[in-house]
Each structure stands twice: as C-alpha cells, then as structure tokens.
Amino acid sequence: MTRLLIVDDEALVRAGLKMILESDGELEVVAEADDGADAAAMVTKHRPDVVLMDIRMPRLDGLAATRAVQALPDPPKVVVLTTFDLDDYVFRALQAGASGFLLKDTPPRELVQAIKVVAAGDAMLSPAVTRRLIGHYAKDSRADRRRVGQERVSKLTEREREVLVEVGSGLPNADIGKKLFMSEATVKAHVSRLLVKLAATNRVQAAIIAYEAGLLTDD
C-alpha cells in the first residue's frame, strides 16, 4: 500500500483527490494538510511515500514547503499540483526537489497511475511534457546554463550519457532498457550513478541538466 499526504488549501480538492486515489485500492491517504506550513511536520508524523503538493497556498506556498520536506531525512517523493501547466512556480519546485507535476484536471486513471510511477521511483512525465517543461525552464541565461551543464555531464561515462538522454526524453527504465539493449536492473543502476555524479535529486532534475548541456532539444 502506497501512503499519501495531500497538501492543498481547498477542502473540496482534498476530498476529491482522496476519493479518486483510494478508489484504486493500492493507495492510502494517511493525512491531509491545508497549508504548506504544516507539510514537513505531517511528513515526520505520518511518513508518507508520496506528497501531493498544491503550488499556491496562503501561508507557505508549495515551493517553500517542498524545500522543507526535501530537507528531512529520507524524504518522500513530492508531486506538485497546479492549475496551470506553465506556472513558473512549477519549475522552481522541480528544482527544489519535486519529482514532477500534475494538473488538477488530470483524468482519475492517469492521476492514479502517475502516483504509482512516482512512488516506484520511475519517470512520471510523458516525453512531450518533459520536453516542454525543460525547454521552458532553460530559456533564461542559456549560455551560462549550457557551460555549467556540459561541465556536469562531462563526469559521466558514455553509457551513462546514453541513459541520461533517454531519461531526459521521459522514458521509464523498462523502455530505456529495450532501446539500449540492457536489463531494467542495469538501467536502474546507471540512473542511480548518474544522479550522484550530476548531484541531481531526481530524474526531472537530470533531464533539465541534459537539456542545459545540449543533449536534448525542445523541438
């Protein structure tokens, strides 16, 4: 059973999300919070596997709350919830350590599947969304970002670079393995090593670095 914490200032949204998620039978909402200020304490108390984090809240927004949660020992995955798919807060939250984002109007079946994928530590963003996301994020200061990105990527082996490109394209481990003729376990090992070398918290941050280094395009 995957344990969830929902952080959203709208009671109706929390109730709707809980109903959708728990209807699956494999997801359990163990706690709710109506503001980001309570998120870290709720994580410490209830130890969820995944936190669904609203981005705009009155006292402490999802960005600051995500940072607080990720600063905890053995933090859970954080998925940002937003009404707008190009909300600048989303990109800053990803940089703060969130594992991805979902629109609040995501269809129930897709919402449940996305939460399961995140809980398993795999990629949750589709290739199309990933490219839009990292492309939007990396528009500013592109020359400086390119230099820094290339320096970070230079630490990787050639095989790790190949895996990084596929991670940056939004592919899960199983699909990367098929494409690069490796077992899923080998792909997972490569991903773990490249995250350490890149000092990236998660696959989304690794995708951003791949884009900044010029390994991907935003076409």
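A few comments on the model shown:
- In order along the stretch 8-14, the phi-based Karplus estimate (6.51 cos²θ - 1.76 cosθ + 1.60, θ = phi - 60°) of 3J(HN,Hα) comes to 7, 7, 9, 4, 5, 5, 4 Hz; Gly and Pro are listed as x.
- Across the stretch 31-47, computed HN-Hα scalar couplings (Karplus, 6.51 cos²θ - 1.76 cosθ + 1.60, θ = phi - 60°) run 6, 9, 9, 9, 7, x, 5, 9, 4, 4, 5, 5, 5, 4, 6, 9, 6 Hz from first to last residue, x flagging Gly and Pro.
- Taking max minus min of the alpha-carbon positions on each principal axis, the stretch 144-219 gives extents of 36, 27, 21 Å, largest first.
- Excluding same-chain neighbours fewer than eight residues apart, the lysines reachable from residue 45 by a Cα-Cα span under 21 Å are 18, 77.
- For the stretch 2-55, the relative contact order works out to 54 percent when only alpha carbon pairs closer than 8 Å and six or more residues apart are counted.
- Both radii were evaluated on the Cα set of the stretch 1-40; the Rg over Rh quotient, with Rh as the Kirkwood radius, amounts to 0.98.
- Diffusion constant of the stretch 1-103 at 4 °C, which comes from Stokes-Einstein with the Kirkwood Cα-pair radius and 1.567 mPa s, µm²/s: 98 µm²/s
Only the coordinates and a few stated rules stand behind these numbers; no lab work does. Nothing here was measured: the structure is a model prediction, and the numbers come from that model.
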